[in-house]
Amino acid sequence: MNCLPQPVSSGTTGMPRIGDRAPAFTATTTQGEINFPADYVGSWVILFSHPADFTPVCTTEFMTFASLQEEFAQLNTKLVGLSVDGLYSHIAWLRTIKEKITFRGLSDVEVTFPLIDDVSMQVASKYGMIMPGEATTQAVRAVFVIDPHGIVRTIIYYPLSLGRNFDELLRVIIALQTADALSVATPADWRPGDPVIVPPAGSCGTAKDRMDGQDQDVECIDWFFCTRKVSEEEINRAIGRTPKGTGS
Ligand code: BEZ
């Protein structure tokens, strides 16, 4: 029996929600044309918006995204940025970042992931990235995590003044992949190596099934609350990740 919710299209609801198919679009980017999400089937994607080129918080975010691109790639995750600026502004800003900006020890940073030209605001509007109470002419800092099947799995929004937390973005990707690979859920503040929750919230069974079962690794505190120890190595194996410095 399949108890999982079935994906739907965002259709008339205006913006995608968790569990919806990522709305499709074609766009011009700093890396050429993209057909989204079709070009990304088989990969996880972080589709994110920033308010404007040539602004300081956005600059620090792009430098940080670029510095973590390899770490995201090890998690089969690609990055796609967007702002409502045009292509030539994007190119000039990214060149300035590479040639002039230093941030937290990062310098000479080349942004090689695509940055979407969305002067028409078509993509930003489709994805609910324009929040008029915050700004009518700029996108807020939206993060859409989209899975290899093109389904929206997590949405995070930040206002203009608040730069994103990149440890959290990495944690979200690892937690989603762990949940999928091991059929578990992850508790508050979970980090790889911490116990996970079995079975996951919203699935068919209850922890009672586990209490009655034979699983040696599972510890049940009550009928609804069971955890299982999972080492970081097991997680890396399950999600197919080879962290930096571990060879192979
Ligand atoms: C920034 O990225 O620094 C920024 C952008 C828009 C409004 C405020 C700050």
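The values are calculated or read from the model by the stated rules, or taken from the named source; none is laboratory data. Remember, predicted model here, so these are calculated numbers, not experimental data. So basically every Cβ, Gly included, is an ideal-geometry build from the backbone, and we count neighbours across all protein chains shown. Heavy atoms of the whole protein, side chains included, go into the accessibility calculation; ligands, DNA and RNA do not. Shrake-Rupley method; radii C 1.70, N 1.55, O 1.52, S 1.80 Å.
Some notes on this structure:
- Every pair of residues 6+ apart whose Cβ atoms lie under 6 Å, when the first sits in region 54-66 and is modelled with pLDDT of 95 or more and of a type in the set (D, E) while the second is near the ligand (Cβ under 10 Å from one of its atoms) and not in a helix (DSSP H, G or I): E61/G163
Each row is one residue, and each column tells you yes or no for (1) within 16 Å of the ligand (Cβ to nearest atom); (2) within 20 Å of I116 (Cα to Cα).
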site	(1), (2)
V143	yes, yes
I146	no, yes
Y158	yes, yes
R171	no, no
A175	no, no
A179	no, no
S183	no, no
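- Residues that are under 18 Å from D20 (Cβ atoms) and among the hydrophobic types (A, V, I, L, M, F, W, C) within region 106-129 comprise V123, A124, M129, listed in sequence order.
- Evaluation of R95 against the conditions (1) under 30 Å from G240 (Cβ atoms); (2) open to solvent by 10 Å² or more (accessible area, probe 1.4 Å); (3) not in a loop (DSSP other than H, G, I, E, B) shows that the sole unmet condition is (1).
- Restricting region 68-84 to residues that are open to solvent by 10 Å² or more (accessible area, probe 1.4 Å) and touching a residue at least 12 places away in the same chain (Cβ under 8 Å), the residue that is nearest to the ligand (Cβ to nearest atom) is V84.
- Note on region 117-170: residues that are of a type outside the set (D, E), closer than 21 Å to T59 by Cβ, outside any loop (DSSP other than H, G, I, E, B) and open to solvent by 40 Å² or more (accessible area, probe 1.4 Å) amount to 1.
- Members of region 25-45 found to be out of contact with any helix residue (DSSP H, G or I) (no Cβ under 8 Å at 6 or more places or on another chain) and part of a loop (DSSP other than H, G, I, E, B), listed by number: Q31, P37, V41, G42, S43
- Checking each residue in region 46-67 for being more than 10 Å from the ligand (Cβ to nearest atom) and either on the phi > 0 side of the Ramachandran plot or in a loop (DSSP other than H, G, I, E, B) (or both) picks out no residue at all.
- In region 193-248, counting only strands (runs of 3 or more DSSP E) that sit wholly within it, the ones holding 1 or more residues that are at pLDDT 95 or above and surrounded by 13 or more Cβ atoms within 10 Å (Cβ to Cβ) span 196-198, 225-228.
- Flag if I101 is of a type in the set (V, I, T), within 16 Å of the ligand (Cβ to nearest atom) and open to solvent by 40 Å² or more (accessible area, probe 1.4 Å): yes
- Subset of region 47-67 that is in contact with a strand residue (DSSP E or B) (Cβ under 7 Å, 6 or more places away or on another chain) and farther than 25 Å from T136 by Cβ - its residue that is most open to solvent (accessible area, probe 1.4 Å): S67
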